[in-house]
Amino acid sequence: KPAAEDASEGITAENVTHNDEEMQRVISRLYTITDSILVEEYVDGRELLVGVLGNGRERTVLPPMEIEFTGEAKIVTKDAKQNSDSKDFNDVVSKDAVLTDTERVAIEEAVLTATRALEIQDYARVDIRLTKEGIPVIIEINPNPDLSPDHGFGGSAQLAGMKFPDLLDRIVKIAQKRYEPRGA
């Protein structure tokens, strides 16, 4: 996939390859839109979008949204996000993720560890694949996710009981706190 694009730019069902020849075709296609490509192992499993708010040690992990794939492609393509005329568009459904306590704790630990290590500020969305063994594998961290109320981060905030204006207010207050003088 493109290493520095967003909104699934360049991602189609063909991006999941099964041999070197297929991979080389995809890489050649991607080089027409970018000069920086990331090749990573495909992780089979449930895809979760996990919002996080805060900075430093003070972070709140929001309830995960799950991507339910109804079609063949088990990835979120650009068409699935943006093209309502595409067959991929209706193949992706976001819903509340039903998780065991063990899975929820593992996901929260992974999200907190990663966002702290990368010093992500204020808010972010962490995309995770949960393997069949219940192991969370981070596939992407988006430090500036779409805030639409019906999308991953906004949907996650709604599951936490936050109305959209309250979510925006909370993000602004979290950011403001970073600029307060120490001890104020």
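The values are calculated or read from the model by the stated rules, or taken from the named source; none is laboratory data. Predicted model only: the values in this text are computed from it and were never measured. Virtual Cβ from ideal backbone geometry, glycine too; neighbours counted across all protein chains shown. Only protein heavy atoms, including side chains, enter the accessible area calculation; ligands, DNA and RNA are left aside. Shrake-Rupley method; radii C 1.70, N 1.55, O 1.52, S 1.80 Å.
Descriptive notes on the structure:
- Of ILE171, ILE128, all but one fail to be assigned to a helix (DSSP H, G or I), open to solvent by less than 40 Å² (accessible area, probe 1.4 Å) and touching a residue at least 24 places away in the same chain (Cβ under 8 Å); the exception is ILE171.
- Test for ASN83: is it within 24 Å of THR17 (Cβ to Cβ), of a type outside the set (Phe, Trp, Tyr), out of contact with any Asp or Glu (no Cβ under 9 Å at 6 or more places or on another chain) and modelled with pLDDT under 90: yes
- Filtering segment 16-34 to residues that are of a type outside the set (Ser, Thr, Tyr) and surrounded by 10 or more Cβ atoms within 10 Å (Cβ to Cβ) leaves VAL16, GLU22, MET23, GLN24, ARG25, VAL26, ILE27, ARG29, LEU30, ILE33.
- Residue satisfying condition, being open to solvent by less than 40 Å² (accessible area, probe 1.4 Å), outside any strand (DSSP E or B) and within 25 Å of PRO2 (Cβ to Cβ), within set GLY154, GLY134: GLY154
- The number of residues in segment 1-15 being open to solvent by 60 Å² or more (accessible area, probe 1.4 Å), touching a residue at least 60 places away in the same chain (Cβ under 8 Å) and small (Gly, Ala, Ser) comes to 0.
- Pairs where the first residue, in segment 93-108, is more than 17 Å from SER156 (Cα to Cα) and the second is open to solvent by 60 Å² or more (accessible area, probe 1.4 Å), C-beta under 8 Å, 6+ apart: ALA106/ILE135
- Meets criteria (within 24 Å of PHE153 (Cα to Cα), open to solvent by 60 Å² or more (accessible area, probe 1.4 Å), at pLDDT 80 or above and out of contact with any Cys (no Cβ under 9 Å at 6 or more places or on another chain)) for ARG116: yes
- Every residue from segment 55-73 that is crowded, with 21+ Cβ neighbours inside 10 Å, assigned to a strand (DSSP E or B) and over 11 Å from the mean Cα position of the chain (by Cα): VAL61
- Some residue of segment 13-31 being of a type in the set (A, V, I, L, M, F, W, C) and modelled with pLDDT under 90: yes
- Checked against the criteria, LYS163 counts as basic (Lys, Arg), closer than 25 Å to VAL98 by Cα and either touching an Asp or Glu at 6+ places or on another chain (Cβ under 6 Å) or surrounded by fewer than 14 Cβ atoms within 10 Å (Cβ to Cβ) (or both).
- Residue in segment 137-151 that is least open to solvent (accessible area, probe 1.4 Å), counting only those that are in a strand (DSSP E or B) and free of Cβ contacts under 8 Å to residues at least 40 places away in the same chain: ILE141
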